[in-house]
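Beneath this line is the structure, given in structure tokens, with notes to follow.
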Amino acid sequence: MLNKQLIEDTLSAALSTGGDFAEIFVEDRTNSGIVMIGGKVDSTMSGRDYGVGIRIFKGFNSVYAYTNKSDKETLISTAKKAAAAVEGASNSQVLNLIKSDTKNIHNILIDPNSVEKTKKVQLMRQAYNTAFNYDELITQVTVSLSDYVQNVMVANSEGLWKEDKRVRSRLAISSVASKNGEMQSGFFGPGASKGYEFFENLDIDKYAKEASRIAVTMVNAKYCPSGKMPVIIDNGFGGVIFHEACGHGLEATSVAKGLSIFSDKIGQKIASPLVTAIDDGTIPNEWGSFNMDDEGTPSHRNVLIENGILKGYMVDKLNGRRMKMSSTGSGRRQSYRNAPTSRMSNTFIDNGKSTPEEIIANTEKGLYAKYMGGGSVNPSTGEFNFAVMEGYIVENGKIKEPVRGATLIGKGTDILNKIDMVGNNLTYGQGMCGSVSGSIPTNVGQPMLRVSEITVGGREGEK
């Protein structure tokens with residue numbers, strides 16, 4: 001993407017005022033997106049994003065600059081402007097870049113850029129028709145299809161020089177059911193690190209029906225009672241609670257600065273002995289996976305918590321300096337406009353030994369959260385507030401009537417320690433995670449699990 005001499009000249013300019021590390025990140029990305037509302041295409045988007053980011057370290061401090069041009073004059077000028085913010089003696093470091101191959105873990109069969117938009121629209125219309133015709137209470141369906149191909153190059157003053165290609169595809173279906181002036185929604189957004197073959201092999205009708213089924217079930221449900229009670233959280237996207245309430249607190253972004261409740265707790269018990277939590281960017285073709293991170297480090301499988309004991313963090317290069325730890329392949333960014341920092345990939349609670357049937361049968365009275373919705377978290381304390389998209393009352397070991405309006409309120413560390421049953425049916429859910437280095441694709445996941453007590457917000461009475 002850039003020739004060796006230009007890379008070395010740019011890195012030398014970046015180090016000219018005394019920086020002790022310099023890095024170049026080049027991105028060439030093509031994006032495509034279509035949104036369908038009411039069975040008709042509402043908007044389309046396609047374009048190319050190209051640019052170069054230059055980063056300089058001096059000790060624990062860093063400077064970042066970027067440009068959308070890659071000619072020699074612009075790159076040298078941008079590097080020198082960034083270097084001007086670094087004080088110190090001139091650094092005449094000798095650079096010796098050696099280009100190395102990146103191991104590819106993703107088998108991409110069909111380049112999404114090679115597929116006509118009309119073919120993608122036909123697929124979307126199938127999803128729309130299935131979702132809209134599910135029930136007469138469905139009043140609106142929105143379908144979106146997106147894909148991108150991102151080519152990146154990373155080179156740095158330590159001699160690293162790598163290139164990588166990332167391809168991702170996603171379909172999102174949102175259904176709204178209306179009854180007596182009230183509305184409830186259901187959503188599914190499957191995605192993968194795959195090309196157009198992902199859509200061709202996807203059970204579109206299954207996801208479309210499920211989005212509408214959730215909406216119809218909830219619009220017919222009564223309101224959830226409030227209070228403290230056992231809560232069963234189902235697999236897949238249920239892992240969003242761990243991601244938000246605990247996962248961010250295990251990123252070096254907050255740990256290195258002592259802003260996390262998990263700082264300096266390696267080797268300590270922070271969760272139930274039933275809990276093993278992992279961040280794994282090496283799973284082939286998963287939504288949050290990658291061959292190498294945005295600093296050129298190969299993706300890792302990082303055990304964060306093992307049998308309740310904190311084992312490690314997700315670490316990037318800069319925060320690794322501060323913590324005296326090596327990178328765990330967790331340096332990620334949205335685009336060349338963002339400096340990387342430690343971020344999650346595919347983050348999940350691992351399988352336990354209980355079956356879902358055993359978990360439900362052993363719950364005398366509580367709430368079953370089948371699908372989770374959105375929420376908010378204070379990352380410094382782990383306090384969270386999450387909506388339940390689809391919930392049910394559990395009584396005498398059986399799932400009873402559906403309830404709506406349920407909210408789970410608590411603190412990440414408390415919830416981790418109150419997990420008293422973990423299932424054996426691990427699956428993943430796809431999402432976009434926002435943080436200081438932008439919005440990136442991440443998987444959340446878990447098997448079904450039970451928390452012995454969570455504060456549930458709701459209200460008594462009929463709908």
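Some notes on this structure:
- Stretch gain in nm, segment ARG301-LYS40, where the contour uses 0.36 nm per residue and the Cα spacing is subtracted: 89.7 nm
- Pair GLN5, ASN151: separation of 7 Å Cα→Cβ label points (nm): 2.2 nm
- Members of LYS69/LYS99; LYS103/LYS209; LYS120/LYS209; LYS117/LYS209; LYS58/LYS99 lying beyond 30 Å, as alpha-carbon distances in this model show: LYS103/LYS209
- Backbone phi angles across segment 159-167, fed through the Karplus curve with coefficients 6.51, -1.76 and 1.60 (θ = phi - 60°), yield HN-Hα couplings of x, 6, 8, 9, 10, 8, 10, 10, 10 Hz in residue order; Gly and Pro are listed as x.
- Burial order of peptide ranges 300-310, 325-335 (average beta-carbon count within 10 Å, highest first): 325-335, 300-310
- Note on ASN425/ASP111: beta-carbon distance plugged into 1/(1 + (r/R0)^6) with R0 of 22 Å gives a FRET efficiency of 0.05.
- Extending 7 Å from the Cα toward the beta-carbon at both LYS80 and SER376 defines two label points whose distance is 4.8 nm.
- Overall dimensions of the chain as given by Cα atoms, namely Rg and Dmax in Å: 23.8, 74
- Check: the chain dipole with +1 on Lys, Arg Cβ and -1 on Asp, Glu Cβ, in debye: 460 debye
- Remark: for residue pairs LYS269/LYS400; LYS119/LYS370; LYS40/LYS400; LYS4/LYS324; LYS269/LYS324; LYS324/LYS418, the C-alpha separation exceeds 28 Å in LYS269/LYS400; LYS119/LYS370; LYS40/LYS400; LYS4/LYS324; LYS324/LYS418.
- GluC sites (Glu not before Pro) restricted to segment 356-404 and DSSP loop, no more than 13 other C-beta within 10 Å: GLU364
- Calculated from backbone phi, Karplus (6.51, -1.76, 1.60) coupling profile of segment 394-401 in Hz, x at Gly/Pro: 10, 9, 6, x, 9, 7, 9, 6
- Rule-of-thumb Rg ratio for segment 4-220 [Cα; 2.2 N^0.38 Å; N residues]: 1.41
- Under the Karplus curve 6.51 cos²θ - 1.76 cosθ + 1.60, θ = phi - 60°, whole-Hz ³J(HN,Hα) for segment 272-286, x wherever Gly or Pro sits: 4, x, 7, 9, 10, 10, 9, 10, 9, x, 9, 6, x, 6, 6
- Qualifying GluC sites (Glu not before Pro) for segment 88-184 [loop in DSSP, other Cβ within 10 Å: at most 11]: GLU116, GLU136
- A Förster radius of 22 Å combined with the Cβ-Cβ distance from LYS365 to ASP414 puts the calculated FRET efficiency at roughly 0.60.
- Angle between the chain longest axis and helix 117-132 axis [Cα atoms, degrees, rounded to 10]: 20 degrees
- Two-site FRET efficiency, GLU357 against LYS179, from Cβ-Cβ distance with R₀ of 41 Å, rounded to 0.05: 0.80
- Calculated [222 nm] ellipticity per residue, helices only, for the chain: -5000 deg cm²/dmol; basis is -39500 (n - 2.57) per DSSP H run with n ≥ 4, divided by all residues, nearest 500.
- Protection proxy ranking of 61-73, 229-241, 311-323, by the mean of other Cβ atoms within 10 Å over each peptide's residues and highest first, is 229-241, 311-323, 61-73.
Read-outs: derived from the displayed coordinates by stated rules, not from any lab. What you are looking at is a predicted structure, and each value in this text was computed from that prediction instead of being measured. In this analysis, Cβ positions are derived from the backbone assuming ideal geometry, glycine residues included, and neighbour counts consider all displayed protein chains.
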